[in-house]
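The values are calculated or read from the model by the stated rules, or taken from the named source; none is laboratory data. In this text, all values refer to a predicted model and were calculated from it rather than measured experimentally. As a convention, Cβ positions derive from the backbone with ideal geometry for all residues, glycine included, and neighbour counts pool all protein chains shown.
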Amino acid sequence: MTDMVHLQDVTVRFGGGLLRHTAPFTALDDVSLRVPTGTAHGIVGESGSGKTTLGRVALGLQTIEAGRASVCGRDMAALRGAALRAFRRQVQCVFEDSAASLDPRMTLGASIREGLDIHRIGDRDEREERVRAMLDRVGLPRSTAERYPHEISGGQRQRINIARSLVLEPRLLIADEPVSALDVSVQAQVLDLLAELRAQMGLTMLFVSHDLMVVREVCDTVSVLQAGRIVETASAERLFRAPAHPASIALVAAL
């Protein structure tokens, strides 16, 4: 099975250099990771462990100081111009703050359609039909397209964000704490939706979270981050049954 994400000895540091008044901080320290195509891989750890930075590397939004990052079979360091534009369509993301992720001045339908407009996919009628079809898939009425973010609930906004990401039919979805701001009952609905869409679309998913119960529901395999280093990688079943590293043991014990 080929790897959708392959990080090899990746290091990311912040501070130092031009920012001489700040001491360098190592966010990722010699991190190596493989995420096979078609799987869901969880990244867990305490706040400040480097989870979000790792997700940004996979999205191509974070420059690395050392090592090599390959996503969707592309060397991230070599992406330029048309190749970078094509990559942006193949890799999409869902973030924690559903409200901040949406432009309050745009209708929800326009937000979903925006990626189709940018990548010039289909004509206007085809784009509108894709928007309607995605609203169907995420379980929202088609009339939602005419509403604005402040007019719907947090769970509905996150469904809109999922629709906006998946309307481009990406190969990889990076979800960074996508349900942590939602009520528990709404979390379950969104997680079920992600699992259903992943199966239907053959998605590979990188799921970043501090909540091991959520990761246990969604992921096939899990990596535990501590102070910028991956200290354990295992199947979700094995990690929860018999964690090996002290950081993993502490996370599981906190459940």
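Checking each residue in the stretch 193-225 for being in contact with a Ser or Thr (Cβ under 7 Å, 6 or more places away or on another chain) and among the acidic types (D, E) picks out D211, D220. Taking each residue of the stretch 173-198 that is in contact (Cβ under 8 Å) with a residue 60 or more places away in the chain and under 13 Å from N161 (Cα atoms) and looking for partners that are in a strand (DSSP E or B) and of a type outside the set (F, W, Y) with beta-carbon atoms closer than 6 Å, six or more apart or interchain, yields L173/Q92; L173/M205; I174/C93; I174/L206; A175/V94; D176/V208; P178/V94.
Taking each residue of the stretch 156-171 that is within 29 Å of S70 (Cβ to Cβ) and looking for partners that are of a type in the set (G, A, S) and modelled with pLDDT of 95 or more with beta-carbon atoms closer than 8 Å, six or more apart or interchain, yields R164/S111. Scanning the stretch 163-183 for residues that are farther than 15 Å from A99 by Cβ and in a helix (DSSP H, G or I) gives A163, S165, L166.
Listed by first and then second residue, the pairs with beta-carbon distance under 7 Å, at least 6 apart or on different chains, first residue in the stretch 223-236 and more than 15 Å from D9 (Cα to Cα), second among the basic types (K, R), are A236/R216.
Checking each residue in the stretch 26-80 for being within 14 Å of H6 (Cβ to Cβ), polar (S, T, N, Q) and part of a helix (DSSP H, G or I) picks out no residue at all. With respect to the conditions (1) over 23 Å from V57 (Cβ atoms); (2) modelled with pLDDT of 90 or more, V184 falls short on a single one, namely (2).
Here's the yes/no breakdown for (1) within 25 Å of D136 (Cα to Cα); (2) in a strand (DSSP E or B):
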{"site": "N161", "(1), (2)": "yes, no"}
{"site": "S185", "(1), (2)": "yes, no"}
{"site": "V215", "(1), (2)": "no, no"}
{"site": "I230", "(1), (2)": "no, yes"}
{"site": "L239", "(1), (2)": "no, no"}
